[in-house]
1. Express in Å², to the nearest 10, the accessible area of Arg22 obtained by rolling a 1.4 Å probe over the protein heavy atoms while all chains stay in place.
2. How far apart, in nanometres, would the label points at Phe62 and Glu219 be if each is projected 7 angstrom from Cα along the Cα-to-Cβ direction?
3. Using a 1.4 angstrom probe with every protein chain in place, what is the largest-first accessible-area order of Lys100, Lys108?
4. Can you list the aspartates and glutamates whose alpha carbon is less than 12 Å from that of Lys3, not counting same-chain residues fewer than 8 positions off?
5. As a test of reading the structure, rank Ser11, Ser67 by solvent-accessible area (1.4 Å probe, protein chains only), most first.
6. Compute the accessible area per residue over the chain, keeping the other protein chains in place, probe 1.4 Å, unit Å².
7. Over the chain, calculate the relative contact order: mean separation of alpha carbon pairs under 8 Å at least 6 apart, over the residue count, as a percent.
8. May I ask you to give the percent of accessible area on the chain that is carbon plus sulfur, with a probe radius of 1.4 Å?
Amino acid sequence: MMKLALGMHRSRISRDNFRFARQAGCTHLVLHLVERLQGIATPQADEYCFGLTRAQGRVWTFDELASVVQMAKEEDLRIEALENLDPSFWSDVLLDGPAKQQQVEGLKGLLRSMGRLGIPVLGYNFSLAGVWGRIHAPLARGQALTPAFREDRLGRQTPLPRGMLNNIVYDPDAAPGPIASVSMDELWERLRFFLRELVPVAEEEGVRLAAHPDDPPVERLRQTPRLLYQPECFGRLLEMVPSRANALEFCVGTVQEMPGADLYAAVDEYSRRQSIAYVHCRNVIGQVPSYREAFIDEGDVDMFRVLRILHGNQFDGVVIPDHTPQMTCEAPWHAGMAHALGYLRAAITLVERES
Ligand SMILES: [Mn+2]
């Protein structure tokens, strides 16, 4: 039986927002703990940058995770996943730098904490440039503010500067200039190192590593290669280190953005293989090179068809709304999420009744 969850950033973690999730029918939560300071000038930041990280390599501790797990429990919710790693936790894993072994040990510690606390999934995005190049504009229904990508209007892509990964600055004092160039095969080897080190620990702890595809799903961005930009790339990742602990954070919106991709075939293949840890349900209009995110009930994705396939393949993880356009009112995020959660709650109920 699939479950409904709400994803939220650290800045939104509060008892009230947990209650909001429960009231909207969620039984689970997905938390983004990366703490990004915005509005601080750094040499690397540009108009698309998500901010400066505060963690400075200090991996989330058992105690801080335990307090959030406890608060969730008090509100009758469970934490299903942590989503996204702070770039300062694993910069040298992504860059094949001298501290990669030390950093990977830190990530093993995180997996052990998660195992002890019963948090079953760690979502990650093995990406150098990350989510870059999107604009936010009133392009969704009713002029709702939404992210959009126009590759043709990006102009010259600035190379990824040192001190920045996943579109977040982690070292504002890094020497100026771009990161060392890397081939796609070399980047796959770095992913192989990450998986070989972490998958056995994840298995021991009953935690699944779940890879999010590259968003935007283009082969190269900011002069760096990307790994998961077509559905068949998921297969390469899964076959690298076959294990239940090596899984996918299946982003419906991102897969729909992949030019020529068959979203429904991909949902079917990877859910049949039991490789989907959890699902981002987000709608979109258009594909690379030009698309905009949409409300869940419009756009190119037939969300009922996606949920039917998942249900048919006995998917029992969580689905979350991913992001939504912001609704014009006093609580734009909450309203957008309530709309998406209500739609998903109804759709899941209907799909379950049909069968
Ligand atoms: Mn997503």
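1. We get 90 Å² for Arg22.
2. About 4.7 nm, to one decimal.
3. Of Lys100, Lys108, the descending order of accessible area is Lys100, Lys108.
4. Lys3 reaches Glu80, Asp316, Glu352.
5. Order by accessible area, largest first: Ser11, Ser67.
6. On a per-residue basis, 41 Å².
7. After rounding, I find 18 percent.
8. C and S fraction of accessible area: 48 percent.
The values are calculated or read from the model by the stated rules, or taken from the named source; none is laboratory data. None of these values were measured; they are calculated from a predicted model. So basically every Cβ, Gly included, is an ideal-geometry build from the backbone, and we count neighbours across all protein chains shown. Remember, those area values only see protein heavy atoms, side chains included, never the ligands or the DNA or RNA. Shrake-Rupley method; radii C 1.70, N 1.55, O 1.52, S 1.80 Å.
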